[in-house]
């Protein structure tokens, strides 16, 4: 398998950079959230709301295992995907993984201006969002740091291509 998986906190730019990287490398881009939405005919925020986070994470892990069986893909995961037990092990065994690393401040700024509805943050005020990032980034980062490569962002496609070589 010659897949590349991009991990990182919500708002890090996984989908944006993933699309550009896939295009640059002549690979297929796959957004795990969109894959789940197509498979279950429901938006991720609605699946989260309907089933709760633990059930969604189980469903998400199953979808991750499916896409890791594909070939020649750049895969952007959800922010919580790598934190599921066994997820980073599966990612690293089946792909080259890249962590897009941003500071708390950069993440808050991006999430505040994002048009994407994210299940855990879209209803938060700026102070609540700051608190969410401050509490959750240190919890998630140990999983993200298991990636093969870490790219401090903002990161360009050229930088990603360079660190992949």
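The values are calculated or read from the model by the stated rules, or taken from the named source; none is laboratory data. Quick caveat: nothing in here was measured; it's all calculated off a predicted structure. Cβ atoms come from the backbone with ideal geometry, glycine included; neighbour counts cover every protein chain shown.
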### Query
Among all residue pairs at least 6 apart or on different chains, which show Cβ distances below 7 Å where the first residue, located in segment 83-111, is on the phi < 0 side of the Ramachandran plot and the second is exposed (fewer than 15 other Cβ atoms within 10 Å of the Cβ) and part of a helix (DSSP H, G or I)?
90/65; 96/164; 104/134
### Query
Counting just the residues of segment 65-93 that are out of contact with any strand residue (DSSP E or B) (no Cβ under 8 Å at 6 or more places or on another chain) and in a helix (DSSP H, G or I), which one comes out nearest to residue 107 (Cα to Cα)?
83
### Query
What's the number of the condition residue 35 fails, among (1) within 14 Å of the chain's Cα centre (by Cα); (2) in contact (Cβ under 8 Å) with a residue 40 or more places away in the chain?
(2)
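Condition check ((1) surrounded by fewer than 15 Cβ atoms within 10 Å (Cβ to Cβ); (2) part of a helix (DSSP H, G or I); (3) out of contact with any strand residue (DSSP E or B) (no Cβ under 8 Å at 6 or more places or on another chain); (4) at pLDDT below 90) across all residues:
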residue: 111; (1), (2), (3), (4): no, yes, yes, yes
residue: 123; (1), (2), (3), (4): yes, no, yes, yes
residue: 135; (1), (2), (3), (4): yes, yes, yes, no
residue: 139; (1), (2), (3), (4): yes, yes, yes, no
residue: 150; (1), (2), (3), (4): no, no, no, no
### Message
under 21 Å from residue 35 (Cα atoms) and touching a strand residue (DSSP E or B) at 6+ places or on another chain (Cβ under 8 Å): is that true of residue 55 in this structure?
### Response
no
### Query
Counting only residues that are touching a strand residue (DSSP E or B) at 6+ places or on another chain (Cβ under 8 Å) and in a helix (DSSP H, G or I), which one in segment 21-32 is surrounded by the fewest Cβ atoms within 10 Å (Cβ to Cβ)?
23
### Query
So residue 161 fits all but one of (1) outside any helix (DSSP H, G or I); (2) surrounded by fewer than 19 Cβ atoms within 10 Å (Cβ to Cβ); (3) touching a residue at least 60 places away in the same chain (Cβ under 8 Å); what number is the exception?
(1)
### Query
Any residue at all in segment 67-74 that is in contact (Cβ under 8 Å) with a residue 60 or more places away in the chain, under 21 Å from residue 101 (Cβ atoms) and in contact with a helix residue (DSSP H, G or I) (Cβ under 9 Å, 6 or more places away or on another chain)?
yes
### Query
When both residues are 6+ apart or on different chains and their Cβ atoms are under 8 Å apart, which pairs have a first residue that lies in segment 142-156 and is at negative phi and touching a residue at least 24 places away in the same chain (Cβ under 8 Å), and a second that is in a loop (DSSP other than H, G, I, E, B) and surrounded by fewer than 21 Cβ atoms within 10 Å (Cβ to Cβ)?
153/13; 154/13; 155/13
### Summary
Within segment 49-62, the residues that are in a helix (DSSP H, G or I) and surrounded by fewer than 18 Cβ atoms within 10 Å (Cβ to Cβ) are 49, 50, 51, 53, 54, 55, 58, 59, 61, 62
